[in-house]
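Accompanying notes for the structure given below.
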Amino acid sequence: MSKRNNKKSANLPQRRLLASAIGLAVASWAVAGLAAESAEVQGDAVELGSVTVKGQQVEGYKVDNASSPKYTAPLLDTPQTITVIPQEVIREQNALSLRQVLSNVSGITFAAGEGGGGLGDSINIRGFSANSNILIDGLRDTAQSSRSDTFNLEAVEVVKGPSSVYSGAGTTGGSINIVSKTPQAQAFNRASVGLGTDNYKRLTADINQPLDALEGAGAVFRLNLMGHQNDVAERDQIDQERWGIAPSLTLGMGSPTQLNLSYFRQSDKDLPDYGLPARDGKVLAGVDRDNYYGFKDIDTEETDAESFTVKFDHEFNEQLRLSNIARYAKTERLTIISAAHVNTDGLPAGTYRPAGPQGHGRDYDTEILINQTNLNWRFNTGALAHSLVTGAEFSHEEYNRDTFNSGLPSGNAWPLFDLYNPPGYWGGPTLKTVTQEVDTELDTRALYVFDTVELNEQWQVNAGLRYERFEGTGKTLATATGVTTRLDSSDDMLSGRVGLVYKPAQNGSIYVAWGNSFNPSAENLASTGSGLSADTQDLDPEENETWELGTKWDLLDQRLSLNAAVFRVTKTNGRIDNNDPLGDPVVLDGKQRVDGVELGASGKLTEQWQVFANYTYLDSEIIKSDTPAEEGQALANTPPRSFSLWTTYDLPAGFQVGYGAQYVSQRNVTIASTTKVPDYWVHSALLGYQVNEDVDLQLNVRNLFNEEYYDRVRSNTGTAVRSSALVPGEGRTAILSANFSF
């Protein structure tokens, strides 16, 4: 483990060098010719529908297959709500972060990531945390290092409902899979230059070239580059800067045996945004949304993430295919935050003292080594057609963290500050003091099997089973006392999913499905170093299950996909404090339930008009808790209604217009109070123009009406002694991009 502590300043010349390189590339390629579109690899003609994907790019909003080989049927016949945000939507919206991409999916909300945790935004799906349920190319991403930029992102797949059978431990509300860009069969060169309000500057390049010198090897090389910086509209103090590089090489393109090697590196230097002081779900009266309550000369978030991935595929014949993917990834992150919590108790009106952590730092790194092997086998047993996947997954993860303070004052030692004009800088002395050292390890071993069985032309059974061994160990040193605490936990989990699919027509399905998932105490051990304690290390995992009844249809000559579902998610044995002083401190006796409805549409209404829309209704309730006042309450940060829309229309003469809308209804701040965060609508717009075959211009305006809204919620109502905080969404932002393709 290597601690960095302000090492990031040495990376600034690298960012400028990369930005210059991209700029030179854009200038030199401006005279090149038009690239051919990537060829689509067709699936073999079996009745279950092929789910093999090799070097394929989706055109348009409608996606027919999930990227993971674990899904043994096309999305149309998969008995689960799965939403895929394709590359075209991401590109048209100029969506830059995972949070912006996920705003296209209703039923997802964000909690404000705790300062220093290195998590950024905390993601909830159907009311339950999904922080440890983010995957990259089907492999667990413990460090959650691919949230801030989309330059190497092909698509995002959101799988809703408990599904440990697919994604492993966790997945109470669902999981998120980030699909990386990979080499394509035909050559293209793409570049983009963007300028916008709030000091927005962005350069990207995407180069894909067959290597003709390696004749007969089927070699294709792809390189993605990114340099970026921006401030945040209506949050003038917040600035972000990053660069990234992602080369990949495929050998054997188009042949039965294919090898893909890829590397990813990204460096970020941001000012963390802890938001605005709030009580009872509302920002304190008189506080402007551009106020900054941290200290710019102390606070920072600096991240270096890199990974190396090897993927091997071999088709023995049309019925049997082997795939193996292995990854080593390491993330180093330094965060120092000063919370936007304030103390106004008994102080003169319009003044405050800082409360909560100030100059609180975490310097940590994570490492993961993970391997997944899948064998896909298509065969018949009598009149039954099978699409079978058997596989194994093994991983080892390590998390090492130093927690420290910066020697800032506390309590009444703070001077009084102007609540409406916070200083934004400390300017005084600092003294770093390490308070805690944390070292954890997490090992998982899993075996699984999936099968889609076609009983006849109208009936299918889709089923899966996974056994997982989950072992975690942790060591915490309190430096002030020299006391070391050691913990360990191990769980054996058997998860499953089964669905019955009825096809009244080839282009439609009706299904009913059941699935479950588990939340072991060590679930977050390798992502935050937390969750495991002396009171929880011997507890069995929490258990969750879902029932879902739904239907999916492909209409308008297969151009448009529609889906609808009703569901129930139940956590049957949540961890709660035991009110019996003679019993165990923590027991598995809590119960939570979410009933809901999902609606979705994606694809083309006409050849010129595309739409991507979804709506979610959630009725959440705490059924049983250790605190009677919580029973009957809705889950925190779980809006009953949410809606998302993105639509574009191609006009004559090369013009394109687009419109987007997102609605989130009121939702509870906490499970212990009826206070709510206000609802909001946010609108966006697109104007595009095809200058010629090689160049198009794109103007994006986000938050068109400059709505003041709060999309990241800290689940605390706050008091006069220590407020809570809400993080505002960005104000109106305009970005003009020139996109080159040749």
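To keep it simple, each residue is scored yes or no on (1) of a type in the set (K, R); (2) out of contact with any strand residue (DSSP E or B) (no Cβ under 8 Å at 6 or more places or on another chain); (3) over 30 Å from E306 (Cβ atoms).
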| residue | (1), (2), (3) |
| --- | --- |
| G391 | no, no, no |
| E397 | no, no, no |
| N400 | no, no, no |
| G407 | no, no, yes |
| S410 | no, yes, yes |
| W426 | no, yes, yes |
| V438 | no, no, no |
| A446 | no, no, no |
| L455 | no, no, yes |
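Only one of these is free of Cβ contacts under 8 Å to residues at least 60 places away in the same chain, within 30 Å of D402 (Cβ to Cβ) and of a type in the set (D, E): E332, E302, E306. Name it.
Only one candidate passes the filter, namely E306.
Which pairs do you get when a residue that is of a type outside the set (A, V, I, L, M), found in region 92-104, comes within reach of a residue that is in a helix (DSSP H, G or I), reach meaning Cβ atoms under 6 angstrom, with the pair 6+ apart or on two chains?
none
Taking the criterion of being within 13 Å of the chain's Cα centre (by Cα) and buried (at least 24 other Cβ atoms within 10 Å of the Cβ), would at least one residue in region 165-172 satisfy it? Let's see the steps before the verdict.
Filtering region 165-172 for residues within 13 Å of the chain's Cα centre (by Cα) gives 171.
Those left that are additionally buried (at least 24 other Cβ atoms within 10 Å of the Cβ): 171.
Yes, there is a match, as at least one residue in region 165-172 is within 13 Å of the chain's Cα centre (by Cα) and buried (at least 24 other Cβ atoms within 10 Å of the Cβ).
Which one of the conditions (1) crowded, with 16+ Cβ neighbours inside 10 Å; (2) of a type in the set (A, V, I, L, M); (3) touching a Ser or Thr at 6+ places or on another chain (Cβ under 7 Å) does A392 fail to meet, given that it meets all the rest?
Every condition holds for A392 apart from (1).
Within region 114-139, restricting attention to residues that are over 18 Å from Q80 (Cα atoms), part of a loop (DSSP other than H, G, I, E, B) and within 13 Å of the chain's Cα centre (by Cα), which residue is modelled with the highest pLDDT?
D137
I'd like to verify a number: residues in region 421-459 that are surrounded by 14 or more Cβ atoms within 10 Å (Cβ to Cβ) and in contact with a Gly (Cβ under 6 Å, 6 or more places away or on another chain), how many?
So the count comes out to 6.
Suppose the filter is in contact with a Leu (Cβ under 7 Å, 6 or more places away or on another chain) and either within 30 Å of R242 (Cβ to Cβ) or modelled with pLDDT under 95 (or both); does E318 pass it?
Details: in contact with a Leu (Cβ under 7 Å, 6 or more places away or on another chain): no; either within 30 Å of R242 (Cβ to Cβ) or modelled with pLDDT under 95 (or both): yes.
Taking the combined requirement at face value, the residue does not satisfy it.
Checking the condition surrounded by fewer than 21 Cβ atoms within 10 Å (Cβ to Cβ) and either touching a Pro at 6+ places or on another chain (Cβ under 8 Å) or more than 30 Å from T444 (Cα to Cα) (or both), which residue from G359, G350 passes? Before the answer, list the steps.
Numbers: G359 fails: surrounded by fewer than 21 Cβ atoms within 10 Å (Cβ to Cβ).
Being surrounded by fewer than 21 Cβ atoms within 10 Å (Cβ to Cβ) and either touching a Pro at 6+ places or on another chain (Cβ under 8 Å) or more than 30 Å from T444 (Cα to Cα) (or both) holds for just one of G359, G350, which is G350.
Select from region 598-632 the residues that are at pLDDT 95 or above, polar (S, T, N, Q) and not in a strand (DSSP E or B) and write down the one among them that is nearest to K571 (Cα to Cα).
Of everything passing the filter in region 598-632, T606 is nearest to K571 (Cα to Cα).
Suppose we keep only residues that are part of a strand (DSSP E or B) and among the β-branched types (V, I, T) within region 660-679. Which one would you say is farthest from the chain's Cα centre (by Cα)?
Per the criteria, the residue is V677.
If you scan region 173-204, which residues turn out to be of a type in the set (F, W, Y) and either within 13 Å of the chain's Cα centre (by Cα) or under 25 Å from V701 (Cα atoms) (or both)? Talk me through it step by step, then tell me what you get.
Just the residues of region 173-204 that are of a type in the set (F, W, Y), to begin with: 188, 200.
Selection gives Y200 alone.
Please go through region 494-510 and give me each residue that is in a strand (DSSP E or B), touching a residue at least 12 places away in the same chain (Cβ under 8 Å) and more than 14 Å from G464 (Cα to Cα), ordered by number.
Those that are in a strand (DSSP E or B), touching a residue at least 12 places away in the same chain (Cβ under 8 Å) and more than 14 Å from G464 (Cα to Cα): V501, Y502, K503, P504, G508, S509, I510.
Can you name the condition, by its number, that V682 falls short on among (1) β-branched (V, I, T); (2) assigned to a strand (DSSP E or B); (3) in contact with a helix residue (DSSP H, G or I) (Cβ under 6 Å, 6 or more places away or on another chain)?
(3)
Sort out which residues of region 565-579 are of a type in the set (A, V, I, L, M, F, W, C), free of Cβ contacts under 8 Å to residues at least 60 places away in the same chain and either in contact with a Cys (Cβ under 7 Å, 6 or more places away or on another chain) or surrounded by 17 or more Cβ atoms within 10 Å (Cβ to Cβ) (or both), and write them in order of number. Lay out the reasoning, then the answer.
Kept after step one, since they are of a type in the set (A, V, I, L, M, F, W, C), are these residues of region 565-579: 565-567, 569, 576.
Now drop any that are not free of Cβ contacts under 8 Å to residues at least 60 places away in the same chain, which leaves 566, 576.
Across region 565-579, the qualifying residue is only I576.
Condition check: out of contact with any Lys or Arg (no Cβ under 7 Å at 6 or more places or on another chain), free of Cβ contacts under 8 Å to residues at least 40 places away in the same chain and in a strand (DSSP E or B). Does V657 satisfy that?
yes
Can you tell me how many residues in region 243-262 are buried (at least 17 other Cβ atoms within 10 Å of the Cβ), in contact (Cβ under 8 Å) with a residue 60 or more places away in the chain and over 27 Å from the mean Cα position of the chain (by Cα)?
2
Restricting region 580-601 to residues that are of a type in the set (D, E, K, R) and in contact (Cβ under 8 Å) with a residue 24 or more places away in the chain, which is surrounded by the fewest Cβ atoms within 10 Å (Cβ to Cβ)? Show your work before the answer.
Step one: filter region 580-601 for residues of a type in the set (D, E, K, R), giving 580, 584, 589, 591, 593, 595, 598.
Pick out the ones that are also in contact (Cβ under 8 Å) with a residue 24 or more places away in the chain and you get 584, 589, 591, 593, 595, 598.
Details: D584: 13, D589: 16, K591: 16, R593: 17, D595: 15, E598: 23.
Here the residue is D584.
If I ask for residues that are part of a loop (DSSP other than H, G, I, E, B) and either within 19 Å of I336 (Cα to Cα) or among the aromatic types (F, W, Y) (or both), which ones from region 408-422 would you list?
Initially, region 408-422 is screened for residues part of a loop (DSSP other than H, G, I, E, B), giving 408-410, 414-416, 419-422.
Hits for region 408-422 are L408, P409, S410, W414, Y420, P422.
Any idea which of (1) at pLDDT below 95; (2) in a loop (DSSP other than H, G, I, E, B) is the one V105 doesn't satisfy?
(1)
Give the residues of region 423-468 that are in contact with an Asp or Glu (Cβ under 6 Å, 6 or more places away or on another chain) and either more than 30 Å from D77 (Cβ to Cβ) or not in a strand (DSSP E or B) (or both), sorted by residue number.
Listed by number, the residues that qualify are Y425, W426, V434, E437, E441, L442, D443.
Report yes if Y399 is under 30 Å from P277 (Cβ atoms), surrounded by 14 or more Cβ atoms within 10 Å (Cβ to Cβ) and within 29 Å of the chain's Cα centre (by Cα), otherwise no.
no
Modelled with pLDDT of 95 or more, farther than 30 Å from P69 by Cβ, outside any strand (DSSP E or B) and of a type in the set (S, T, N, Q) - does that describe any residue in region 390-407?
Within region 390-407, one or more residues are modelled with pLDDT of 95 or more, farther than 30 Å from P69 by Cβ, outside any strand (DSSP E or B) and of a type in the set (S, T, N, Q).
The values are calculated or read from the model by the stated rules, or taken from the named source; none is laboratory data. All values derive from a computational prediction rather than experimental measurement. As a convention, Cβ positions derive from the backbone with ideal geometry for all residues, glycine included, and neighbour counts pool all protein chains shown.
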